Protein chains: 4
Amino acid sequence: MTAGNSFGTLFRFTTWGESHGPAIGVVIDGCPPLIPLGEADIQPFLDKRRPGQSFYTTQRKEADQVTILSGVFEGKTTGAPVSLLIANTDTRPKDYEEIRDKFRPGHADMTYLAKYGIRDWRGGGRASARETACRVAAGAVARKILGDTIKVRGALVQMGPHKISRDAWDWNEVTRNSFFTPDAGAARVFTGYLEDIRKRGSSIGAVVEVAASGVPAGLGEPVYDRLDSDLARALMSINAVKGVEIGAGMGAAELSGEENADEMEIGDKGGLRFLSNNAGGILGGISTGQDIVARFAVKPTSSILIPRRSVDLAGKNIELSTKGRHDPCIGIRAVPVGEAMMACVLADHLLRFRVSKA
Amino acid sequence: MTAGNSFGTLFRFTTWGESHGPAIGVVIDGCPPLIPLGEADIQPFLDKRRPGQSFYTTQRKEADQVTILSGVFEGKTTGAPVSLLIANTDTRPKDYEEIRDKFRPGHADMTYLAKYGIRDWRGGGRASARETACRVAAGAVARKILGDTIKVRGALVQMGPHKISRDAWDWNEVTRNSFFTPDAGAARVFTGYLEDIRKRGSSIGAVVEVAASGVPAGLGEPVYDRLDSDLARALMSINAVKGVEIGAGMGAAELSGEENADEMEIGDKGGLRFLSNNAGGILGGISTGQDIVARFAVKPTSSILIPRRSVDLAGKNIELSTKGRHDPCIGIRAVPVGEAMMACVLADHLLRFRVSKA
Amino acid sequence: MTAGNSFGTLFRFTTWGESHGPAIGVVIDGCPPLIPLGEADIQPFLDKRRPGQSFYTTQRKEADQVTILSGVFEGKTTGAPVSLLIANTDTRPKDYEEIRDKFRPGHADMTYLAKYGIRDWRGGGRASARETACRVAAGAVARKILGDTIKVRGALVQMGPHKISRDAWDWNEVTRNSFFTPDAGAARVFTGYLEDIRKRGSSIGAVVEVAASGVPAGLGEPVYDRLDSDLARALMSINAVKGVEIGAGMGAAELSGEENADEMEIGDKGGLRFLSNNAGGILGGISTGQDIVARFAVKPTSSILIPRRSVDLAGKNIELSTKGRHDPCIGIRAVPVGEAMMACVLADHLLRFRVSKA
Amino acid sequence: MTAGNSFGTLFRFTTWGESHGPAIGVVIDGCPPLIPLGEADIQPFLDKRRPGQSFYTTQRKEADQVTILSGVFEGKTTGAPVSLLIANTDTRPKDYEEIRDKFRPGHADMTYLAKYGIRDWRGGGRASARETACRVAAGAVARKILGDTIKVRGALVQMGPHKISRDAWDWNEVTRNSFFTPDAGAARVFTGYLEDIRKRGSSIGAVVEVAASGVPAGLGEPVYDRLDSDLARALMSINAVKGVEIGAGMGAAELSGEENADEMEIGDKGGLRFLSNNAGGILGGISTGQDIVARFAVKPTSSILIPRRSVDLAGKNIELSTKGRHDPCIGIRAVPVGEAMMACVLADHLLRFRVSKA
């Protein structure tokens, strides 16, 4: 619990594996029994995150084929740990030999060495975004626990300075473009903008929004395992994320009390209805029944062609430019990862809810 | 571990108590032995957070006097749990009787009831910001573990639309004004601005920045207990917080790879030196040795005089305005709380660092 | 979670306080809401464990009066942490000054110093059996969760070489004698036997049996948080316990497969019925629906008048005899403590059962 | 953490896999960096536990070949999770089809169904002793953390009514016979005795002793994560274990205070020396520096040819006799498993010791 590679309490998963090792995987402990589960439930989500699908993602070719090794019997979960394995097939450790003694700016090279005294330099080892495939796999299992009522979706809402128009939001559009963005107009803007960035050997940041509908009121464990604090931890743990917002987010600082307070009334069919959602569906750390809405900022990929100043292990000043296969906007592929983390947090709290509710 | 009132792994504390119950308290398990500790080490931090000190905070009068009940022998910690107790002396449960059957907008009234099926309506019970006194007490103990080298400080950097000038930053100024703000000019602006808000019976949001200097490189446990994800969880768990940023934060979305990458060089005395700190002192979830910098947005106090629409338990539409003793800008008193949470996260990770480092 | 003063996962409590400090206490996090709870539900169990009630227990006079400081509102639990406080009223730290630089054989003096580098020598500090009052208080709350159907009872079944006759077992007898023993004949034997031990300034070991009836089948979390492994941990954590048995216990080593296998049949009213209970109500780490039966051996009190060889902090050989107020057979007062620990384990697993069962 | 398939706090492992699934495995999180580790460090311990090596163990043929999938780079651990995989090669699920609707007495068939509502009946699924291979693999890694100074060894000390002679104890003898017993004379007795049991289609219980030498004083976390309570949990979690003893164990009940107290003196070279070890190397839950000594009773294998009465899922009374490949005395193969669990507990507490000691 302390070494840091596990997430969740009742729905708890542990990931393992390095970017250029033989395989990566995840063990989920706490998946309730009797849930229908097969590889076909997981694969589509991995495919969504999978690299090599457009110009705008790394050209590394990984099938990301998942195998269920345990915890499922005759098509259903048994309550035993679910072990999932994904082979690494397109590893090229040699590509990284030239940086084995150098610290890439913006990368974790220097900090892993400071912490562990040893560093697996093959593609970032454990610090690689490849680890997020395991999160996506866990998220797919989490979705099975959430069932059909609770729906988790994500979208890219900003790339560099370009924000989408929220009026143009169309969830169906998300699957039609290469950016997972819900605004067709923005997708056109992103196309030219990112192409230019890629050609310059640069990269750019982004903002991703993830939302869950159908979440019942009552999820979250005050005062430290609040739904919002668990979401913040979950999303901030994704590679390259530097900020997390719930509902009005950082913008809440500029609101007055009367603007911020989401008023309530009795709806047409009875039942409480909120008139706005600045809370992002969470009050006092507990879900209100409204949509849960979170956003996170993803910094630009640190691996860029444009040379940067750095140092090497010998204590010399150097210049470094990273060739190889990298995403010009890693925020794009963070969309399915953010969805997965939100699904895992919600599945965990749905199970925790059972304890106090009975 | 699952019910949500504990924080931390090796430096772990559990808080208890309601706003208008007989007392509140915190039990710290995992405080290393042989650390000099007395009530005088804790009281100054409680005094800083204590209400009733200016026009701009609630007029509830609490001495917030802390008593150490265990874990200290002859002036030093013994390694046993440190139990701290703070009596509630100015409780007025009657003040809240009129809202016992009503849901205050922006408050946790509705969600606590949804979750637990019962609600301690006396001043918000457990959901009250009074709980944060226990965090501040725990934070004071955490500071003793951090020692003199690691320094944690916080400041108010924005109130409503008014941001401080970072060029005018003076840490000494923070203790001179009622807002914990480091910019004397901003303090003057805030004075008039907040006075107006208070008179209108409204409230306003704010942004708080907390920073730690002297933190060694190597703290943090990838990939889920990263230093940044633990900070995000810690800060988001504070009442009314809606957004958390590390380093460049949400602004990282607008940066290019070459702008964002903090370049490195060998310093004058040898040793690695960073040329910027967009990372906020954290790369790959591990501290770099630079200052750890985090910001969080605090929403405006939900208890306002201006009437808001809501519902009651009988299912009727109502209008609600909250009289009583409340902070017009709760973000101000969140400064010592944010510092405390950062201190606790750092103390925890400093202890965790010992495990892998030996 | 790591510093060792907490127990349980969903029903989780943390104890604090030293034998001769101002107070001891326990914080229970994870008590479900809406359970009727008052001090009167807890006090009787503390009274049972309380010292000074017969010749056969220490003469220290403690009222052991419990106060509920949080987590209860209008007579019911709210789901918030339940904080319980017991003042220490008959402390005599001076009694221990003469051993502050000496290691008492059989005591934790030497090991606490080795571990922490500091030792609260006042009556054993944290290592004192006084800590078990907090377990009993937590156990009383656990019983409220177990409800009326699940009943946890304990009894002394052996003192030194004298075992009770199981044929003479009468649960009503347990409350009639000073030994919590269910065999009236054995109680008479113990009386004379223990009086002799006490007069000689010696002490004696004992075996305690705890049993729970009404436990539904299905409790326990294989393969590491099995019901039996959690019980083993719980009972072995009680001061002075050196052995724990479930069902046939150590005697299982002498059984053949056909003797050990508890046969099953369909009962008169339908439903599965076991023909024996060598399993102690647990198979594969999960409850079977039969009575849960555990036993534990309590070593003799180490504080005896008869002198023993030891060493002091100056590195000198010494002889030590412990005067003062001590139980000649600490196993007696371990009965309510064993019950409490079993109740806590069962309450925890009852809550955990809800998660997988829903 | 709550679903039960993980063990340990700082040295923490999670096992997965069913007896007749494609593979079993273990993920170790918390293995410190820079420890030399290869498959050759693990395989010998698996070979020791491996079935099919003598008449006295199941004839299932498993190579139990371990593969390291992560966490090791250039021959050393990196601090990242160590994932170990063992393929199942000799699975015969069909062998179990006839019991898919029946409850085998002494087995977990009935309780797994009660808990999970579904049961993987192929060879006991998760409840199979096959899971213990993962413990042995984790134990081998734990030994690398313990280093050369701390040595963990186990031995069979009783089979049915036959106890070894402790005067004849010879650790070298343990590797020479098929029983892991240290008394050559006892080995001869066991040979004939077990052959007879096997021929009768019966099985028999046993007692295993595990001991660790070279353990420094100071390991253990009072009052709930004591070294003895963690050992009790660890050993009781092994399949078929019904009793656990530390030092004098259940026999402590018959000792007087003066007999039980392990006297101390200053040794010839200075330094504290104990004159006996009734404590089993643990006082107040903390290691004393003496050998840690624990024993556990293993019940007889429940899978026997001799028919037993039971019931089936249709609610009918039946008779059951288990053919197939089973150990007549499963206690034998429990020896390497007991060693592994002790090694894991000690590695965990050695790391925990670093936290308070620094």
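The values are calculated or read from the model by the stated rules, or taken from the named source; none is laboratory data. All of these numbers come straight from a predicted model, not from anything done at the bench. Virtual Cβ from ideal backbone geometry, glycine too; neighbours counted across all protein chains shown. When the accessible area is computed, the model is the full protein with side chains, heavy atoms only, and any ligands, DNA or RNA have been set aside. Shrake-Rupley method; radii C 1.70, N 1.55, O 1.52, S 1.80 Å.
With respect to (1) within 18 Å of residue D:295 (Cα to Cα); (2) of a type in the set (Val, Ile, Thr); (3) surrounded by fewer than 16 Cβ atoms within 10 Å (Cβ to Cβ), the lone exception for residue D:191 is condition (1).
With respect to residue D:147, is the statement that it is at pLDDT 90 or above, under 22 Å from the mean Cα position of the chain (by Cα), open to solvent by 10 Å² or more (accessible area, probe 1.4 Å) and not hydroxyl-bearing (Ser, Thr, Tyr) true? Yes, satisfied. Need pairs with beta-carbon distance below 6 Å; first residue within 17 Å of residue A:35 (Cα to Cα) and within segment D:115-126, second open to solvent by 20 Å² or more (accessible area, probe 1.4 Å) and in a loop (DSSP other than H, G, I, E, B); sequence gap 6+ or separate chains. Short answer, once both residue conditions are applied: D:117/A:34; D:118/A:34.
For segment A:138-165, the candidate set comprises residues that are within 14 Å of chain D (Cβ to nearest Cβ) and touching a strand residue (DSSP E or B) at 6+ places or on another chain (Cβ under 7 Å); within that set, the residue that is farthest from residue A:300 (Cα to Cα) is A:141.
Every residue, every condition in (1) under 25 Å from residue C:299 (Cα atoms); (2) buried (at least 20 other Cβ atoms within 10 Å of the Cβ); (3) polar (S, T, N, Q), yes or no:
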residue	(1), (2), (3)
C:53	yes, no, yes
C:64	yes, yes, no
C:69	no, yes, no
C:82	no, yes, no
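When residues in segment D:158-177 are screened for being β-branched (Val, Ile, Thr) and not in a loop (DSSP other than H, G, I, E, B), 2 of them pass.
Filter the strands (runs of 3 or more DSSP E) completely within segment C:267-313 down to those with at least 1 residues that are closer than 30 Å to residue D:109 by Cα.
Hits in segment C:267-313: C:272-274, C:292-298.
The C-beta contact set for segment B:178-193 (first residue closer than 23 Å to residue B:51 by Cβ and in a helix (DSSP H, G or I), second residue among the charged types (D, E, K, R) and open to solvent by 40 Å² or more (accessible area, probe 1.4 Å), distance under 8 angstrom, 6+ apart or interchain) comprises B:186/B:163; B:187/B:176.
Being part of a helix (DSSP H, G or I), β-branched (Val, Ile, Thr) and modelled with pLDDT of 95 or more is a property that residue A:335 has.
When segment B:194-207 is filtered for residues that are hydroxyl-bearing (Ser, Thr, Tyr) and surrounded by 24 or more Cβ atoms within 10 Å (Cβ to Cβ), only B:203 remains.
Taking segment A:21-33 as the range and being more than 7 Å from chain D (Cβ to nearest Cβ) and not aliphatic (A, V, I, L, M) as the test, the residues that pass are A:31, A:32. Picking from residues in segment C:174-187 that are open to solvent by 20 Å² or more (accessible area, probe 1.4 Å) and under 15 Å from residue C:210 (Cα atoms), the one that is modelled with the lowest pLDDT is C:175. Being free of Cβ contacts under 8 Å to residues at least 24 places away in the same chain, of a type in the set (Gly, Ala, Ser) and open to solvent by 10 Å² or more (accessible area, probe 1.4 Å) holds for only one residue in C:270, C:284, and it is C:270.
Of all the criteria given as (1) within 14 Å of chain A (Cβ to nearest Cβ); (2) within 19 Å of the chain's Cα centre (by Cα); (3) closer than 29 Å to residue D:356 by Cβ, the one not satisfied by residue B:18 is (3).
Going by the conditions given, is residue A:132 open to solvent by less than 20 Å² (accessible area, probe 1.4 Å) and either at pLDDT 90 or above or more than 18 Å from the chain's Cα centre (by Cα) (or both)? So residue A:132 fits the description; yes. Every residue in segment B:289-299 that is open to solvent by 10 Å² or more (accessible area, probe 1.4 Å) and either at pLDDT below 95 or closer than 14 Å to residue B:262 by Cβ (or both), please. Hits for segment B:289-299 are B:289, B:290, B:291, B:293. Checked against the criterion of being more than 7 Å from chain C (Cβ to nearest Cβ), among the acidic types (Asp, Glu) and crowded, with 22+ Cβ neighbours inside 10 Å, segment D:304-320 contains not a single residue that satisfies it.
Quick one: is residue B:95 open to solvent by 10 Å² or more (accessible area, probe 1.4 Å) and closer than 15 Å to residue A:223 by Cα? Judged against the criteria, residue B:95 is not a match. Of the residues C:50, C:130, the single one that is closer than 28 Å to residue D:283 by Cα and within 14 Å of chain D (Cβ to nearest Cβ) is C:130. Can you spot a residue in segment C:255-262 that is more than 9 Å from every other protein chain (Cβ to nearest Cβ) and in contact with a strand residue (DSSP E or B) (Cβ under 9 Å, 6 or more places away or on another chain)? For segment C:255-262, residues more than 9 Å from every other protein chain (Cβ to nearest Cβ) and in contact with a strand residue (DSSP E or B) (Cβ under 9 Å, 6 or more places away or on another chain): absent. The residues of segment A:208-224 that are within 11 Å of chain B (Cβ to nearest Cβ), open to solvent by 10 Å² or more (accessible area, probe 1.4 Å) and assigned to a strand (DSSP E or B) amount to a single one, A:221. Taking the listed residues D:25, D:71, D:21, D:4, the one that is in contact (Cβ under 8 Å) with a residue 60 or more places away in the chain and either of a type in the set (Val, Ile, Thr) or over 16 Å from residue D:340 (Cβ atoms) (or both) is D:21, with no other qualifying.
All of (1) within 8 Å of another protein chain (Cβ to nearest Cβ); (2) open to solvent by 40 Å² or more (accessible area, probe 1.4 Å) hold for residue A:277 with one exception: (1). For segment D:227-274, a residue qualifies if it is out of contact with any Phe, Trp or Tyr (no Cβ under 8 Å at 6 or more places or on another chain), of a type in the set (Asp, Glu) and within 30 Å of residue D:5 (Cα to Cα), and the qualifying residues are D:228, D:230.
Residues in segment D:329-358 that are open to solvent by 10 Å² or more (accessible area, probe 1.4 Å), of a type outside the set (A, V, I, L, M, F, W, C) and either within 14 Å of chain B (Cβ to nearest Cβ) or farther than 19 Å from residue D:237 by Cα (or both): D:354, D:356, D:357.
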